[in-house]
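A quick write-up on the structure given underneath.
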Amino acid sequence: MEDDRYLIARFRAGEVEAFDRLMDLHMDRVYRVAWQALHDHEESLDATQEVFIRLHGALPRLGEVNSLAAWLYRVCVNHCIDRKRRPGRETRTLSEEEWETLRGPEHSEPEWSTEQAELGVVIRSAVGELPKQQRAAFILRHYEHLSLVEIAEALGCCEGTVKCHLSRATSALRDKLRERGIPIVTDGGK
């Protein structure tokens, strides 16, 4: 966060390279949020670019930012929702290779990787069926590892609402996974 404040101050002072550094720091995370919402590489790239265009225009007049990441996520989520509302937008399913790229390095054991890939397909499908606010909160919490405060700022709601979205999303996912025959282990089941 200190890096963000420093770079924002440098950009406002006329140092153009500071904006490039801000983009470097946040580009991958913004892209992942767009990807989770849009499930299309080209649209996710376009959405990511649009978010940074908006940031560039907003920085000179933007007040104190507690969390630039949360601001970027909020703009990204809202932009992706708008993109999905466009008439004639086609959705496509991600290939396993694309998901593996997003997940990062593969685990070294082939059996584990296969099981995780199969489970990942089921979980991604179930997450994709959640209502948009629950899905956004779940993705920001469990894929982007944001705090409740950051998610609330990103979604433009209070922490209590985020907790409610996360609770409902978790409950809905648990039900969907049980329907598909996936055993669910809870803290009480350990």
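The values are calculated or read from the model by the stated rules, or taken from the named source; none is laboratory data. Bear in mind that the values here come from a model prediction, so they are computed numbers and not experimental data. Cβ placement follows ideal geometry from the backbone for every residue including glycine, while neighbour counts extend to all protein chains displayed.
Of the residues that make up the range 61-80, is at least one of a type in the set (Lys, Arg), touching a Lys or Arg at 6+ places or on another chain (Cβ under 8 Å), surrounded by 13 or more Cβ atoms within 10 Å (Cβ to Cβ) and not assigned by TED's automatic domain parsing to the domain that holds His145?
Taking the range 61-80 first, the residues of a type in the set (Lys, Arg) are 61, 74.
With touching a Lys or Arg at 6+ places or on another chain (Cβ under 8 Å) added as a condition, the list becomes none.
There is no residue in the range 61-80 that is of a type in the set (Lys, Arg), touching a Lys or Arg at 6+ places or on another chain (Cβ under 8 Å), surrounded by 13 or more Cβ atoms within 10 Å (Cβ to Cβ) and not assigned by TED's automatic domain parsing to the domain that holds His145.
Residue by residue, here is whether (1) aliphatic (A, V, I, L, M); (2) closer than 20 Å to Arg32 by Cα holds:
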site	(1), (2)
Gln134	no, yes
Glu144	no, yes
Leu148	yes, yes
Glu153	no, yes
Gly156	no, yes
Ala169	yes, yes
Leu173	yes, no
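Against the definition (in a helix (DSSP H, G or I), farther than 17 Å from Asn78 by Cα and at pLDDT 85 or above), how does Leu7 come out, yes or no?
Numbers: in a helix (DSSP H, G or I): yes; farther than 17 Å from Asn78 by Cα: yes; at pLDDT 85 or above: yes.
The answer is yes for Leu7.
Working only within the range 10-40, note down all residues that are in contact with a helix residue (DSSP H, G or I) (Cβ under 7 Å, 6 or more places away or on another chain) and farther than 22 Å from Arg74 by Cβ.
Scanning the range 10-40 gives a single hit, Arg10.
How many of the residues in the range 26-76 are assigned to a helix (DSSP H, G or I) and either among the polar types (S, T, N, Q) or touching a Gly at 6+ places or on another chain (Cβ under 7 Å) (or both)? Before the answer, list the steps.
Kept after step one, since they are assigned to a helix (DSSP H, G or I), are these residues of the range 26-76: 26-38, 41-58, 68-76.
Retained after the next criterion (residues that are either among the polar types (S, T, N, Q) or touching a Gly at 6+ places or on another chain (Cβ under 7 Å) (or both)): 36, 44, 48-49, 74.
Looking only at that region, the number is 5.
For the range 102-143, give me the residue count where each residue is in a helix (DSSP H, G or I) and modelled with pLDDT of 60 or more. Even if it seems obvious, please write down each step before you answer.
Step one: list which residues in the range 102-143 are in a helix (DSSP H, G or I), which gives 102-103, 110-128, 132-142.
Going one step further and asking which of them are modelled with pLDDT of 60 or more, we end up with 117-128, 132-142.
Count: 23.
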